[in-house]
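S.K.: Below are the structure tokens for one structure; questions will follow.
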Amino acid sequence: MESGKRVLLIISGGIAAYKSQELIRDLHRREIAVRCILTDAGSYFVTPFSLAALTGDKVYLDLFSLTDESEMGHIELSRDADLVVVAPATANILAKMRTGIADDLATTTLLATDKQVMIAPAMNVRMWQHAATQENITILQERGMQVIGPEEGEMACGEYGMGRMSEPVLIAEAIENFFRNAGQTSEEPQKSLIGKKAIITSGPTHEAIDPVRYLANHSSGRQGHAIAKALAALGAETVLVSGPTQLADPANVAVKHVQSAEDMLAACEAALPADIMVCAAAVADWRVANPPQEKIKKNGVMPSLELIENPDILANVSQLAKNRPALVIGFAAETKDVVSYAQAKLAKKGCDWIVANDVSPETGTFGGENNTVHVIDAETIEDWPILSKEDIGQKLAARIATYLENIPT
Ligand code: C5P
């Protein structure tokens, strides 16, 4: 492969294993070579023959096979890869990874590896929501593993919910991003947020109407995710509290996936203390008071929704008496009088900076690649040119680093 990059792909036993074949093809299109370890359970869902044909390589199955161990033992398999990816990752393999069980070739390799590990979980919604799985995934993230997904949707078991493996293209993008970031070492800017901690909110929130319906908005989360990525790239310990989005988790960022504004606030509070807080999420202003436990029936009577106000995360964190981050940044999307509305918001919420997006139709910001912003603090207004959301993330991260370097400690 042209890029010289090599992924060791561990396929464990879930129905989503069929998607791993598409992942291999996608990675090849990106010039990334793939070698596979297939668990016993995985081999019920995809065959070693099809994986060997797709990868053009031997597929490794067995810890105690003379041919597997003498050709490429678990240590060599890890040594030979630039990145280890577990996709699909079942609840079982996550539990083994968390506790360090090494009872087959896949788990032994995962225990022996010193390479970055990326995990794409896939399982039934209740297995995903089980406290054991949630605890396992949190601990694996805290150990530095990158988690991609899962996503919400229809499941092979006929149920609906969180637990579907992310689409292969999203996993492939995350893998490509990992290599892009890793490749920057020689020209990397001086990391200036080492030792600092940042919390970023991103994406929309989903507010339950009943167990199957929700109120939401069109936020893609791209700007918030780009900021988290840029802060992590400058060396900050970064926690991204994300509402439901289609985006892959950025590398080197601990991602807390939440649904509602109340969950988002709780996750932010749990992540405090921090030096930096950036509220880029489009938090729903209202939620439904007392959503019923059962689906509301369509029986000719129009339901009426009583809405109550959601907590304002930005205002809450800005006004904390204890543990207030040194720098709290909010966003404001406006279509007219952008600067004056943003200045009013700065004062009302009590944050330090407001990044005001001009979302008037002529800017093409809404849903687009680019963004036009003004960065406003108590003294100054900076008008930034039209930039990509990634570039805004990097420029903002650099401005944050300069600010924190210059405040007296
Ligand atoms: O008041 P408005 O929604 O215009 O304020 C936008 C800013 O406040 C954004 O930074 C957004 O992330 C934050 N916000 C929040 N919690 C809310 C509403 C908005 O953190 N409930």
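The values are calculated or read from the model by the stated rules, or taken from the named source; none is laboratory data. Here the structure is a predicted model, which means the values were calculated and not measured. Don't worry about glycine lacking a Cβ; one is built from the backbone with ideal geometry, like all the others, and counts go over all protein chains shown. Just so you know, the surface numbers come from the protein's heavy atoms only, side chains and all, with ligands and any DNA or RNA stripped out. Shrake-Rupley method; radii C 1.70, N 1.55, O 1.52, S 1.80 Å.
S.K.: Going through the cross-link list K197/K229; K196/K229; K197/K389; K115/K389; K19/K389, which pairs have a Cα-Cα distance over 18 Å in this structure?
M.R.: Correct reply: K197/K389; K115/K389; K19/K389.
S.K.: Shifting gears a bit: Give me the extension gain from A156 to R25: residue separation times 0.36 nm, minus the current Cα-Cα distance, reported in nm with one decimal.
M.R.: 44.9 nm
S.K.: Also, quick follow-up: What FRET efficiency do you get for H218 and A378 if R0 is 35 Å and r is their Cβ-Cβ distance, rounded to the nearest 0.05?
M.R.: 0.65
S.K.: Hey, could you pull the Cα Rg and Dmax for the chain, both in Å?
M.R.: 22.7, 72
S.K.: For I209, list long-range residues whose amide hydrogen, built 1.01 Å from N in the peptide plane, is under 5 Å from its own amide hydrogen.
M.R.: Excluding prolines and chain starts, which carry no amide H, the hits are Y214, L215.
S.K.: Once amide H atoms are built 1.01 Å from N in the peptide plane, which residues 5 or more positions from L83, or in another chain, come under 5 Å H to H?
M.R.: Residues meeting the criterion, in which the H sits 1.01 Å from N, are R6, L8.
S.K.: Pull out a ≥ b ≥ c, the square roots of the eigenvalues of the alpha-carbon gyration tensor of the stretch 62-162, then state rounded if a/c is under 1.5, prolate if not and a/b is larger than b/c, and oblate in the remaining case.
M.R.: prolate
S.K.: Applying 1/(1 + (r/R0)^6) with R0 = 41 Å to the Cβ-Cβ distance of R79 and T138, what FRET efficiency is obtained, to the nearest 0.05?
M.R.: That gives a FRET efficiency of 0.90.
S.K.: Then there is this: Expressed as a whole percentage, what fraction of the accessible surface of the stretch 79-230 belongs to carbon and sulfur atoms when a 1.4 Å probe is rolled over the protein heavy atoms?
M.R.: Taking all protein chains in place, the stretch 79-230 shows 51 percent carbon and sulfur surface.
S.K.: Right, another one. Considering only G330, S50, I24, whose Cα is most displaced toward the positive end of the charge dipole of the chain, charges sitting on Cβ of Lys, Arg (+1) and Asp, Glu (-1)?
M.R.: After comparing all options, I get G330.
S.K.: Note the direction-averaged projected area, equal to a quarter of the hull surface, for the Cα convex hull of the stretch 197-405, in nm².
M.R.: Computed as one quarter of the Cα hull surface, the answer is 12.7 nm².
S.K.: Let me ask something else. Rounded to the nearest 10 Å², what accessible area does L307 have for a 1.4 Å probe in the complete protein model?
M.R.: About 80 Å², rounded to the nearest 10.
S.K.: Using label points projected 7 Å from each Cα along Cα→Cβ, tell me how many nm separate E262 and L111, to one decimal.
M.R.: Distance between the two pseudo-spin positions: 4.2 nm.
S.K.: Still on this structure, please answer the following. Among the DSSP beta bridges whose two residues both lie in the chain, what percent are antiparallel, rounded to the nearest 5?
M.R.: Of those bridges, close to 30 percent are antiparallel.
S.K.: Same structure, new question: Against the longest alpha carbon principal axis of the chain, how many degrees, from 0 to 90 and to the nearest 10, is the axis of helix 131-142 turned?
M.R.: Relative to the chain, helix 131-142 is tipped by roughly 80 degrees.
S.K.: State log₁₀ I(q)/I(0) for the stretch 221-298 at q = 0.13, 0.21 Å⁻¹ as given by the Debye formula over alpha-carbon point scatterers of equal weight, solvent excluded.
M.R.: Each listed q maps to, in turn, -0.45, -0.96.
S.K.: So, one more: With +1 on the Cβ of every Lys and Arg and -1 on the Cβ of every Asp and Glu, and nothing else charged, how large is the dipole of the chain about its Cα centre, in debye rounded to the nearest 20?
M.R.: Around 400 debye, computed over the chain.
S.K.: At 7 Å along the Cα-to-beta-carbon direction for both H130 and Y341, put a label point, then send me their distance in nm to one decimal.
M.R.: 4.8 nm
S.K.: Now, a different point. Would you compute, from DSSP H runs of 4+ residues alone, the mean residue ellipticity of the chain at 222 nm, taking -39500 (n - 2.57) per run and dividing by the full residue count, rounded to the nearest 500?
M.R.: -10000 deg cm²/dmol
S.K.: Pull out the extension gain between F49 and D391, defined as 0.36 nm times the separation in residues minus the alpha carbon to alpha carbon distance; nm, one decimal.
M.R.: Computed gain between F49 and D391 is 118.7 nm.
S.K.: What does the accessible area per residue of the stretch 87-146 come to in Å², with a 1.4 Å probe and no ligands, DNA or RNA counted?
M.R.: So the stretch 87-146 comes to 41 Å² accessible per residue, rounded to a whole number.
S.K.: List the residues whose amide H sits under 5 Å from the amide H of T238, counting only those 5 or more places along or on another chain, with H placed 1.01 Å from N in the peptide plane.
M.R.: Amide H to amide H, under 5 Å and 5 or more residues apart or across chains, T238 pairs with A198, A254.
S.K.: Same structure again: Can you grab the distance from the C-alpha centre of the stretch 373-397 to the C-alpha centre of the stretch 93-142, Å, no decimals?
M.R.: 39 Å
S.K.: Something else now. Keeping all protein chains in place, calculate the accessible area per residue for the stretch 197-405 (probe 1.4 angstrom), answer in Å².
M.R.: On a per-residue basis, 48 Å².
S.K.: Further question: With unit charges on the beta carbon (Lys/Arg positive, Asp/Glu negative), name the residue among L396, H225, S304 whose Cα is farthest towards the positive pole of the charge dipole of the stretch 197-405.
M.R.: S304
S.K.: Determine the percent antiparallel among the DSSP beta bridges restricted to the stretch 36-192, to the nearest 5.
M.R.: Bridges in the stretch 36-192 are about 35 percent antiparallel.
S.K.: In percent, what relative contact order does the chain have, based on Cα pairs under 8 Å that are 6 or more apart in sequence?
M.R.: Worked out over the chain, it gives 11 percent.
S.K.: Continuing with this model, one more query. How much length, in nm to one decimal, is gained on full extension between D210 and E306, taken as 0.36 nm per residue of separation minus their Cα-Cα distance?
M.R.: Full extension from D210 to E306 adds 33.3 nm.
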